[in-house]
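*Asks:* This is the structure, below, for whatever I ask next.
The values are calculated or read from the model by the stated rules, or taken from the named source; none is laboratory data. These figures come from a predicted structure and were not determined experimentally. Backbone-built Cβ (ideal geometry, glycine too); neighbour counts: all protein chains shown.
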Amino acid sequence: MKRKVTKAIFPVAGLGTRFLPATKSVPKEIMTLVDRPLIQYAIDECRAAGIEEFIFVTSRGKSALEDYFDSSPVLEAELQRKGKDKLLKVLEETYVDSGGIAYIRQQKALGLGHAVWCARRLIGDEPFAVVLPDDVIAAEKPCLQQMVEAYAETGGNMVAAMEVPQDKTSAYGVLDVRQDMGNLVSVKGMVEKPKAEDAPSNLAVIGRYILTPKIMDNLNQGKQGAGGEIQLTDAIADEIDGEGVFGLRFRGQRFDCGSKAGFLQATVAFGLARDDLRDEFSQYLREMTAIDSAAQ
Ligand code: UTP
């Protein structure tokens with residue numbers, strides 16, 4: 001059964017240890033690429049894909065995230081008084097309709113699969129998207145929108161996939177491909193974080209999924225997988241011979257903003273993509289690169 005995808009789960013209950021000490025008091029998802037927090041990029045991508053309900057799986061210390069989507073009457077009144085219409089518009093983009101956003105807690109960080117399962121009652125009997133906001137994707141057509149369009153053709157479960165160097169497979173869930181149809185592949189196996197020599201391909205899963213409610217049933221079993229965590233990958237792999245699993249080679253560039261190097265790369269890419277910053281910033285980068293090569 002294919003249905004419209006209108007709900008997205010954002011599992012954001014992780015500790016974000018790679019960004020300590022910043023993440024001691026700032027949720028990773030609020031960290032800023034140029035002038036917008038990571039979560040805003042994810043929300044915009046979801047809206048473009050037709051998502052109407054946003055479900056956050058959070059943990060202790062994430063209240064800044066809830067505040068971010070709240071209205072800000074004092075700030076608004078001040079901007080209105082000063083006639084700052086452009087900034088008021090920027091603020092508007094951060095608001096979500098009342099009732100369109102829900103927060104639930106994952107009491108223990110038992111893994112990504114467990115975090116998704118925490119949202120089961122809010123999902124009910126509908127297909128849903130899962131979006132990891134620390135994967136930021138620069139694309140002409142937003143990645144989740146590409147996936148929703150492909151899903152309308154295939155049904156089943158769909159993961160966003162990209163080629164990675166073979167020696168990096170141990171950082172990802174990796175697809176074993178049954179049939180390669182170009183942009184789309186059908187999947188006959190999924191392995192979480194395989195060693196390079198054991199990886200069935202170099203097609204890695206990144207943080208965008210469209211899943212059927214059956215995945216919640218599979219997660220119900222609470223099976224521990226790689227690293228002793230309840231893995232989303234395992235619950236999806238259980239559907240390979242059931243409702244089916246597809247990978248979409250999306251068009252776009254993915255930045256791993258959960259890592260420091262990835263975050264810095266994204267900052268440069270998104271900074272250079274901005275009309276108001278490009279000239280000054282690229283001039284600076286050229287100077288820095290020249291100094292760096294002279295020093296070597
Ligand atoms: P990561 O593996 O990036 O972990 O989780 P993390 O805690 O965010 O960051 P590090 O590795 O300590 O720096 C991938 C995604 O899954 C969520 C995280 O919030 C992140 O969005 N997650 C992970 C949960 O919500 N709950 C979990 O139990 C585990």
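*Asks:* Of the residues in region 86-129, how many are at pLDDT below 95, more than 16 Å from the ligand (Cβ to nearest atom) and either assigned to a helix (DSSP H, G or I) or basic (Lys, Arg) (or both)?
*Replies:* Summing the residues that are at pLDDT below 95, more than 16 Å from the ligand (Cβ to nearest atom) and either assigned to a helix (DSSP H, G or I) or basic (Lys, Arg) (or both) in region 86-129 gives 7.
*Asks:* Where residues in region 141-180 are part of a strand (DSSP E or B) and not aliphatic (A, V, I, L, M), which of them is farthest from ASP241 (Cα to Cα)?
*Replies:* Out of the qualifying residues, it is GLU163.
*Asks:* State all residues of region 1-40 that are closer than 15 Å to ASP256 by Cα and of a type in the set (D, E, K, R); if no residue qualifies, say none.
*Replies:* ARG18, LYS28, GLU29, listed by residue number.
*Asks:* Of the conditions (1) assigned to a loop (DSSP other than H, G, I, E, B); (2) at pLDDT 90 or above; (3) of a type outside the set (Ser, Thr, Tyr); (4) surrounded by 14 or more Cβ atoms within 10 Å (Cβ to Cβ), GLY83 clears all except one; give me its number.
*Replies:* (4)
*Asks:* Can you pull out the residues in region 5-50 that are within 14 Å of the ligand (Cβ to nearest atom), in a strand (DSSP E or B) and over 16 Å from ILE137 (Cα atoms)?
*Replies:* ALA8, ILE9, PRO11
*Asks:* Could you check, for region 58-69, whether at least one of its residues is modelled with pLDDT of 95 or more, surrounded by 21 or more Cβ atoms within 10 Å (Cβ to Cβ) and closer than 26 Å to ALA266 by Cα?
*Replies:* Within region 58-69, one or more residues are modelled with pLDDT of 95 or more, surrounded by 21 or more Cβ atoms within 10 Å (Cβ to Cβ) and closer than 26 Å to ALA266 by Cα.
*Asks:* Take the conditions in contact with a strand residue (DSSP E or B) (Cβ under 9 Å, 6 or more places away or on another chain), surrounded by 15 or more Cβ atoms within 10 Å (Cβ to Cβ) and over 30 Å from GLY182 (Cβ atoms) and apply them to GLY271. Does it pass?
*Replies:* Yes, satisfied.
*Asks:* Take the conditions in contact (Cβ under 8 Å) with a residue 40 or more places away in the chain and hydrophobic (A, V, I, L, M, F, W, C) and apply them to VAL185. Does it pass?
*Replies:* Here the answer is yes, as VAL185 does meet what is asked.
*Asks:* Could you check how many residues of region 114-162 are more than 17 Å from the chain's Cα centre (by Cα), touching a residue at least 60 places away in the same chain (Cβ under 8 Å) and under 20 Å from GLN253 (Cβ atoms)?
*Replies:* So the count comes out to 1.
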